[in-house]
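The values are calculated or read from the model by the stated rules, or taken from the named source; none is laboratory data. This one's a predicted model, so the numbers in the text were calculated from it and none came from an experiment. In this analysis, Cβ positions are derived from the backbone assuming ideal geometry, glycine residues included, and neighbour counts consider all displayed protein chains. For the accessible areas, the whole protein counts, side chains as well, though only heavy atoms, and no ligand, DNA or RNA atoms are used. Shrake-Rupley method; radii C 1.70, N 1.55, O 1.52, S 1.80 Å.
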Amino acid sequence: MAEPVGPFHLLRAAPGRFLCYCGPDGAVYVTDAMEVWAGELGDGPALGCRCPPEEHGAMLRAALGHGAAALSLGPGSATLRLPEEPRCPALALAQLPAAEARNQLRALVFGMAGCIESLERRLEVAVETLASSCSPEKNAARSQQLFLPDPSPRKSKASGSALPAKRKVPGESLINPGFKSKKAPSGVNFEDS
């Protein structure tokens, strides 16, 4: 069995969830992880389809992408319906024999594992590229910001300024903050006049 070609789409049908995907040969597969149903886009016309197979494949992928495909199960078969496409209403799927289904599921699991491994490698490269584009000081500061909670208390936007109010230290100058007066603070004496 050839490994699956994405994208992978989840379908919801009455008895549960199903995974729909395409094979490299143009076949469409649907599985519930126990049984597998398959249909060919290129062999013959789909049920009631009045368009070329390559158009039907594009319509099927688009319908799956925005969740417009519906699956109905029957004894030994299934039908993938595209209610929004009047020219291509359905695709017949036949249930695979147990041995073939087992091989297809094995190919699916290892194909998905390969996709995950590839995505992880691409993610690592992207993170390394992003990290190397920053200076070490900024990089260290950003990594600390990612893992440490914000120490400054946040105010709601409705209450005005988002900056916290700074407390005045006794003896600190209002005109020149940070500078402390060397003399003890004294008030205005109104009795001396």
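For Ala13, the residues whose modelled amide H falls within less than 5 Å of its own, excluding neighbours fewer than 5 places apart on the same chain, are Phe18.
Scanning residues 5 or more positions from Val36 or on other chains, those with amide H under 5 Å from its amide H are Leu96, with H placed 1.01 Å from N in the peptide plane. The modelled label-to-label distance for the pair Glu55/Phe190, using points 7 Å beyond Cα in the direction of Cβ, is 9.3 nm. The string of couplings for the range 113-118 from the Karplus curve (6.51, -1.76, 1.60, θ = phi - 60°) is 4, x, 5, 5, 4, 5 Hz, one whole number per residue in order, with x for Gly and Pro. Rounded to the nearest 0.05, the FRET efficiency derived from the C-beta distance between Arg17 and Ser118 at R0 = 22 Å is 0.35. Remark: the range 99-112, residue by residue, has Karplus-estimated 3J(HN,Hα) of 5, 5, 5, 4, 5, 5, 5, 4, 4, 5, 4, 6, x, 5 Hz, where x stands for each Gly or Pro and the curve is 6.51 cos²θ - 1.76 cosθ + 1.60 at θ = phi - 60°.
Counting only protein heavy atoms and using a 1.4 Å probe, the accessible area of Ser132 comes to about 90 Å².
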